[in-house]
Each structure stands twice: as structure tokens, then as C-alpha cells.
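> Just passing along the structure, written as C-alpha cells.
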Amino acid sequence: MKIFNKNRGFTLIELLTVIAVIGMLSSIMLSSLNAARAKARDAGRVGQLHELNRALALYYSAHGEYPPPVLRLTWTGSLCMDDPGCLAQSDAIWDGMITALKNEKFLAEKPPVEDSLYDKIAKLILPEALAAPNAVQDPQYPAKRYAYMTAINPLNQNYRLRAELENAGSVYLSAGLTGKFYWSDKTSGGGWGSIDSCDPDLKFYCSGPPNTFESFDPGKPVIYLYPTKTQTVSVKVHTTSIDESIPDYGDGWSVIAHPNGEIINPYDGKSYPYLYWEGRSGKPIIDKTKGFVVVEKDIATFLMDSLLKQGLIAGEAQEFVEYWAPRMTGKPYVYVYFMPQLDYDKLIPMDISPKPDTIIRTYMLWKGLDEKISVTPQKFTAPERFGFTVVEWGGDRSQIR
């Protein structure tokens, strides 16, 4: 009879089998752990981008533009072009942005022009060349895990934040912004002025304002001139571009203005009731908690009343209503926001010589609504019209997004 040996150990094959099973289970657990860690790191990166979006919105509200891609507090003195030796510096710049956010330095005063290398470059070279430090932050540089890209023309009016994620199947990739980023508003000529910077197939998650510059399109701003005596008046409008003008804008208008509002263009000898222009601007400033919600049938009456309260006279207001009211139909309600003159002066400055005594500028933004929303009505104070008076009205032809 065979006696069982209680002290008998495992055979070599049994030991190898156990080790193999343990190794396989460890590999599975380690792989799952690494995947979980990668997802956690991706979530952290997306979270950082969202924090920066909020900070950038505050920065824009304070300064009227987004900060240049290289902040002074992290700048080391040489232009970073994303070559292999530059990636460490790029990472340091990104770390500086995160540090600035956490230390609440993001809203610090902008550096003076004489201290800003970015502004010096802007004065020395063409916008196409200036785009290089932003445009190269592109998918052909996958080693760069983060990127902050700003627009060049118009300067610092749009941006993209980009993070390269580790998980190719991340749900964040389909939730981010995709497609071209327009770093310039000159989008003709085979796509010049845009860049494919946010490609989910390359594991890039992007965030930022969804609008391109095509969304900011001033419609028929007109300028009335009422000097106290017949005299030559020069007018310059500082916007992104002036695509149409009557009379021809050139480098600015120089016209003969009469007290009754008649304008004579010395270059063609013709008479005009106002100066007319259309073009593109930077990003309008909108406080969406304020404004008005108007029933469609009441648009014309509402516009006339609102313009008179802002200081326009009946003839000026009527011309505004005739242009805008027909374009604001199609929805049961319309949300209307008049940009305060201080904000409009900041968005589109205007130089006039000789200097007027009274300037009234109104700029309207609007959006058709299917349902009524709640907003705080804006309050208007009509300035006293005295001396040489200039009046301008206009609005954005693209509805508010």
C-alpha cells in the first residue's frame, strides 16, 4: 500500500505555473492601475484647463484682451520656438501660468509696452511672422503636452488651451473644441490664418472661446458730424478691418462738415448725410445678465424709445430702426444689449480732429429667442448735446452666441 507523504512539496512545474498565474494577475492589476492613474492625470489636466478658462475670462474682463502666450513672470529672455531644446522652457512657461493662477497673480497689471518683448516684436515684424511662436504649438509637436495659443490679428482677442491626454479613448476628447483655430481673421487664400491645432485623433483636448473672428461683424456703423461752424474734420476708426466705406475711408476720412450735418467729401465733391463703414472688430464685451427681452412685434417701438433715451435725435434713431428692425424678426422674443459707451470706446476707438465737445456712440448686440429669459434692464442717461457733436450708431450683424 502506497503511503501519502505529508511533507511532499510542490513540483517545479506547479511552482512555475503558480508564478506565471501570479505574474499574469499582477500584470493585469498593474495595467488597470496604470490606466486608472492615466485617466486621473487626464482629468487633472482638463480640470486645470477649465480653471485657466475662468481666469482668462476674468483677465479679458479686466484688460479687454487675453494675455500673450509668454507671460513676463516666466520669460527667460529668448524666443521659444518649440524646437527640442525649447520644450523644457515651454513646460516652465506652462508651470508659470498654473502658478500665477494659484497665487492669484493672473489679474496683475499688464506689463508696460516698453517691458513686453511680445509688444516689441509686434512693432518690428509682420503679423505673419509674429504668429510663429503660437502656430508652431501644433500637432506636429506631440512632445509638448500643453499649449496656450492666442490670436494675432486682431491681437489677443481669442485663444486656445490645449492638453495632450494619455488615454486615447478618453471621453474628454469628444467633449473638447475641435477643428481649426483662427489665429488671424484673414482666412482667405487656402486657409491662411488658421491652424489645425485641436485633433482628437492625436489625443489633444482643447478649450477656449468657441467663436472665430467671423462672429464679430459690425453692421453699418454710421457717424454723424455736427460742428458749430463749417470746417474740415478728420475721423479715424481703429478696428480690425474696414471692408466697406462711404465715402472711401482710405487712411481715414478728411471731410468738410457743416453745422446742419451735411458732409462734403473733397475728393469726389459729393454730399453725404453721414460717414458709413462696415468691417470686423475684436470680441464685443457683453454682460448677459443685463439688457432687454422684447416681443417681436414691439421691436421697432422699443428701439426708437431706447435710442432717444441714449441721446439720439428722432432722425438718427429712425435711420437705425429702419436698418435694424427688419433684421431682428423670426423669433417670438429678442434679447437686446446696448454696449456701454466706455466699453465700445475700448473695443473700437475713434480719433476725431478737431476734438468734439459731445460724443454719443451706441452699439447694439442681439439674439432671437424662442422663450423669454430674465435679465436686469439697462439704464440710460442721455448726455447734453452741446458744441461740436458727433453721433455714431451701429450693431453686430451676427447674433449673440
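> What does the charge count around residue 255 come to, taking other residues whose C-beta lies under 15 Å from its C-beta (Lys +1, Arg +1, Asp -1, Glu -1)?
-3
> If Lys and Arg each add +1 and Asp and Glu each add -1, what is the summed charge of the other residues whose beta carbon sits under 9 Å from the beta carbon of residue 276? Intermediate values should be presented prior to the final figure.
Details: positive: 220; negative: 244, 278.
Charge balance near residue 276 sits at -1.
> Follow-up question, since we're still on this one. Is the shape of region 268-401 best called rounded, prolate or oblate, per the rule: a/c under 1.5 gives rounded, else a/b larger than b/c gives prolate, else oblate, with a ≥ b ≥ c the square roots of the Cα gyration tensor eigenvalues?
Cα axes put region 268-401 in the prolate bin.
> Summing Lys, Arg as +1 and Asp, Glu as -1, what charge do residues with Cβ under 11 Å from the Cβ of residue 357 carry, residue 357 excluded?
Net of charged neighbours comes to +1.
> What FRET efficiency do you get for residue 293 and residue 27 if R0 is 60 Å and r is their Cβ-Cβ distance, rounded to the nearest 0.05? Present the calculation step by step, with values, prior to reporting the outcome.
Values: r = 61 Å, r/R0 = 1.02.
Calculated value: 0.45.
> If you don't mind, there's one more thing I want to ask. Can you sort 292, 386 so the residue with the fewest Cβ neighbours within 10 Å comes first?
Taking fewest neighbouring Cβ atoms as first place, the list is 386, 292.
> Note down the relative contact order for region 322-377 as a percent, whole number, built from C-alpha pairs under 8 angstrom at least six residues apart.
In percent, rounded to a whole number, it is 53.
> Hey, another quick one. Mind scanning 283/346; 236/367; 297/331; 220/355; 309/372 and naming the pairs with a C-alpha gap bigger than 20 Å?
236/367; 220/355; 309/372
> Taking the simple approach of a point 7 Å from Cα along Cα-to-Cβ for both residue 301 and residue 379, what is their distance in nm?
Using points 7 Å along Cα→Cβ, the separation is 2.5 nm.
Values in this text are rule-based calculations from the coordinates and carry no lab data. Bear in mind that the values here come from a model prediction, so they are computed numbers and not experimental data. Quick reminder, even Gly has a Cβ in these numbers, built from the backbone with ideal geometry, and neighbours come from all protein chains shown.
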